[in-house]
There are 2 protein chains.
Amino acid sequence: MDVDALLTEQNPFPAGLDARIAAQLTFIVEVDRLKTVLRQSPLAAAPRRENDAEHSWHLALMVILLAEHSDEPIDVGHTVQLVVVHDLVEIYAGDTPLYDEVGARTQEARERAAADKLFGLLPADQAVRLRALWDEFEARETPESRFAKAMDRLEPLLLNWMARGGTWQTPGVTADTVRARKASLRDGSRRLGEVAAAFIDEGERRGWVRSARPADEPVPPAPPA
Amino acid sequence: MDVDALLTEQNPFPAGLDARIAAQLTFIVEVDRLKTVLRQSPLAAAPRRENDAEHSWHLALMVILLAEHSDEPIDVGHTVQLVVVHDLVEIYAGDTPLYDEVGARTQEARERAAADKLFGLLPADQAVRLRALWDEFEARETPESRFAKAMDRLEPLLLNWMARGGTWQTPGVTADTVRARKASLRDGSRRLGEVAAAFIDEGERRGWVRSARPADEPVPPAPPA
């Protein structure tokens, strides 16, 4: 995908629009690209991979329905905004799969550069506001961001379950790798953390994720801090 | 798509889950189907049609960025929830294109049956709550629902602009049909209504939507009340 030129440069808006609205609509068209950023997760409803826009929508609905399981009280409307915004930087930085050790090393730098570029399209006050939402999600220092992150871990787990393996079958990944990756789910909801553990345990029992790594396979990456 | 059986019937959850959580997760997996409901709108970022999940995510982001243009003060978090939920019934009822006269006649009955079926999967209190969000969106009696509906009209207009026509080129449709269909945009935001008019006027000038109907083409459907 050519991301050097803005989508709206291919077809500029009518002349004479108010500058603030033009900047907002330019951003709104540009983020159409999120629909083309593919994740590793397979859909449950069709034989293809999920994209980031679909994923972000799914998390938003999960927040609405599962908020009662947050360990701390959360503002549902604010949490929904966090998940709607959380993957925008992948428009320019790309998706870094959860089990991709090499990509993880450069992920933070790539995503910060992408945030500067993307949010910079907005009027200054809104660039600050969207950046703040994204920073809040990443830092996980608020109850809302911890719960949003929990949803970001739970959704692909459900899709992997429905696929009878999915990305759990990535080379080098074992049930313990998956458990380590899902640890942050418990930071938002102890209850949903237990539910996730039940899915992983049963997946391991059924052989959808391996219990141990064959000797000739790479060591799985260390879990994130 | 076989929608008689739930997706989770193809691969039931681990035994022993709490009944309330199991119902919530069953619903959350079932709505994965929204990612397979295709709309008529072409994406700006790729040569394919948009699906309902992508569309719902896009509206959510638009609410966050454009709320300042609402004619009445709105609760952004609540409005985002309205758009996240607004198309769920299309999982069973299908998408009814804006310029589809025949489909529009049965749309309400189909969507009400779909809502009963889909929301009925949830714990009773949440079925009531999601149904209320959907009813609120449809009724357009609150400032939040009027603004949500305005976003639902503005997003495909931007995509049609980027496609240099898109669904504006549906047989029987003229610039005046498009103007009538976008009238409800002004109910949420007079300002964005004017912006939409500028896009339609310029689209008409460029021939991306026709000014008048050829004599042998069907009369376009009457605009909705």
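Here are a few things to note about the model shown:
- Sites matching GluC sites (Glu not before Pro) across the stretch B:116-175 that sit in DSSP coil, with at most 11 neighbouring C-beta atoms within 10 Å: B:141
- Sequence-distant residues sharing a close amide H with residue B:41 (under 5 Å, placed H): B:50
- Each of A:137, A:92, A:169 was placed along the dipole of the stretch A:86-225 (beta-carbon charges, centred on the mean Cα), and the one lying farthest toward the positive end is A:169.
- Interface burial in the stretch B:42-88 reaches 50 Å² or more for B:45, B:54, B:57, B:58, B:61, B:64, B:65, B:68, B:81, B:84, comparing the full protein assembly with the chain by itself; accessible area from heavy atoms with a 1.4 Å probe.
- Per-residue ³J(HN,Hα) for the stretch A:183-192, Karplus 6.51 cos²θ - 1.76 cosθ + 1.60, θ = phi - 60°, Hz, x for Gly and Pro: 4, 5, 4, 5, 5, x, 7, 4, 4, 6
- Filter on A:149/B:182; A:35/A:149; B:35/B:182 - keep pairs with C-alpha separation over 30 Å: A:149/B:182
- Remark: accessible area buried at the A-B interface is about 5600 Å², both chains counted, probe radius 1.4 Å.
- Compared with the rule-of-thumb size 2.2 N^0.38 Å for a compact globular protein, the protein assembly as shown has a Cα radius of gyration ratio of 0.99.
- Neighbouring Cβ atoms from other chains, within 10 Å of the Cβ of residues in B:154-164, number 3 on average.
- The protein assembly as shown, accessible surface, carbon-and-sulfur percent (1.4 angstrom probe): 51
- Inter-copy spacing of residue A:216 label points, which lie 7 Å from Cα along Cα→Cβ, given in nm from shortest upward: 6.9
- Per-copy distances of the residue A:108 label point, shortest first, in nm (7 angstrom along Cα→Cβ): 5.6
- Calculated [θ] (222 nm, deg cm²/dmol) that DSSP helices of n ≥ 4 give over chain B, each run adding -39,500 (n - 2.57): -17500 deg cm²/dmol
- Virtual spin-label span in nm between residue B:38 and residue B:15, 7 Å along Cα→Cβ: 4.2
- Here is how far apart the residue A:15 label points are across copies: 7.4 nm, shortest first, using a point 7 Å from Cα toward Cβ.
- Packing rank of A:172-180, A:38-46, where each peptide gets the mean count of other beta carbons within 10 Å, highest leading: A:38-46, A:172-180
- Shielding by partners - mean other protein chain Cβ count within 10 Å, residues of B:195-208: 2
- Comparing chain A with the 2.2 N^0.38 Å rule of thumb, its C-alpha radius of gyration ratio is 1.09 (two decimals).
- For the axis carrying chain B to chain A: nearest C-beta residue of B, whole Å: B:77, 1
- Hull-based mean projected area of the stretch A:133-177, where the convex hull spans the alpha carbons, in square nanometres: 4.0
- The angle between the Cα long axis of helix B:124-139 and the longest principal axis of the Cα atoms of chain B comes to about 10 degrees, rounded to the nearest 10.
- The residues of the protein assembly as shown expose on average 39 square angstrom of accessible surface per residue, using a 1.4 Å probe on protein heavy atoms.
- To the nearest ten degrees, helix B:143-162 and the longest principal axis of the Cα atoms of chain B are 60 degrees apart.
The values are calculated or read from the model by the stated rules, or taken from the named source; none is laboratory data. Treat the numbers as computed from the prediction; the structure is a model and nothing was measured. Quick reminder, even Gly has a Cβ in these numbers, built from the backbone with ideal geometry, and neighbours come from all protein chains shown. Surface areas here come from the heavy atoms of the whole protein model, side chains and all, with no ligands, DNA or RNA. Shrake-Rupley method; radii C 1.70, N 1.55, O 1.52, S 1.80 Å.
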